[in-house]
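Notes to accompany the following structure.
The values are calculated or read from the model by the stated rules, or taken from the named source; none is laboratory data. Every value quoted in this text rests on a predicted model; they were computed, and no experiment measured them. Neighbour counts are summed over all protein chains in view; Cβ atoms, including those assigned to glycine, are modelled from backbone coordinates with ideal geometry.
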Amino acid sequence: MNNEQVLFSEPGARWRAIAYGPIFCGIVLIAELVLGIGLHVVITVFFALILAGIVWLQVVAARRHVSVELTPSWLRQGTETLPLAEIVRVLPEPDEKRKVDEPWESARSLGELANVPRGRTAIGLLLSRGQLVRAWAKDDEGLRTELTSAVERLQGEPSES
């Protein structure tokens with residue numbers, strides 16, 4: 001499962017986000033030094049550690065629950081892995097001018113989250129058991145393109161792109 005070529009990947013969050021709070025606290029210390037208003041090293045370091053710890057938890061959660069990975073044989077959305085062999089079709093994007101939602105737009109989201117994660121766009125999938133589900137990604141066009149090609153290759157159909 002881990003040796004396969006990755007066709008599409010989104011990490012969910014980047015580790016560098018943990019450094020933003022401590023960097024800001026370092027800027028505060030430099031400003032205090034330059035302005036000569038007295039250094040508050042202990043409290044600033046304390047806040048830097050608190051900020052880094054809170055963001056570390058958020059990054060770990062996002063990387064676990066909001067990451068996306070596509071290989072030639074499976075799609076992983078958060079902690080749920082879906083074999084591509086179960087996907088019959090990647091459904092087209094909904095028409096912007098429509099008055100009624102497509103049936104897949106209210107289907108279950110892949111992953112263990114109750115809905116499509118914030119900042120992500122849903123992609124409708126028809127599964128072999130006739131079930132509709134929603135895949136999702138920040139770069140929904142990139143995932144849609146790669147997923148459509150991978151499903152067509154698996155089914156032996158020529159790709160249109």
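Here is a list: Gly36, Gly53. Which entry is at pLDDT below 95 and farther than 20 Å from Trp136 by Cβ?
The unique qualifying residue is Gly36.
Does at least one position in the range 93-103 carry a residue that is at pLDDT below 95, surrounded by fewer than 17 Cβ atoms within 10 Å (Cβ to Cβ) and under 18 Å from Glu146 (Cβ atoms)?
There is at least one residue in the range 93-103 that is at pLDDT below 95, surrounded by fewer than 17 Cβ atoms within 10 Å (Cβ to Cβ) and under 18 Å from Glu146 (Cβ atoms).
Could you give every pair whose Cβ atoms fall below 8 Å, whose first residue belongs to the range 131-157 and is under 16 Å from Glu69 (Cβ atoms) and in the same structural domain as Gly119 (by TED's automatic domain parsing), and whose second residue is part of a loop (DSSP other than H, G, I, E, B) and among the acidic types (Asp, Glu), counting only separations of at least 6 or pairs across chains?
As it stands, the answer is Arg144/Glu93, since those pairs meet every condition given.
Check whether at least one residue in the range 23-33 is touching an Asp or Glu at 6+ places or on another chain (Cβ under 8 Å) and surrounded by 14 or more Cβ atoms within 10 Å (Cβ to Cβ), and report yes or no.
No, there is no match, as no residue in the range 23-33 is touching an Asp or Glu at 6+ places or on another chain (Cβ under 8 Å) and surrounded by 14 or more Cβ atoms within 10 Å (Cβ to Cβ).
So Ile18 clears everything in (1) in contact with a helix residue (DSSP H, G or I) (Cβ under 6 Å, 6 or more places away or on another chain); (2) at pLDDT 95 or above; (3) not in a helix (DSSP H, G or I) except one condition, right? Which one?
(3)
Tell me, which residue of the range 112-153 that is in contact with a Pro (Cβ under 8 Å, 6 or more places away or on another chain) and surrounded by 21 or more Cβ atoms within 10 Å (Cβ to Cβ) is nearest to Ala61 (Cα to Cα)?
The residue in question is Trp136.
Quickly run through the range 27-59 and pick out the residues that are within 30 Å of the chain's Cα centre (by Cα) and of a type outside the set (A, V, I, L, M).
Across the range 27-59, the qualifying residues are Phe47, Gly53, Trp56, Gln58.
Among the strands (runs of 3 or more DSSP E) lying completely within the range 69-135, list those that include at least 1 residues that are out of contact with any strand residue (DSSP E or B) (no Cβ under 8 Å at 6 or more places or on another chain).
In the range 69-135, the matching strands (runs of 3 or more DSSP E) lie at 80-83.
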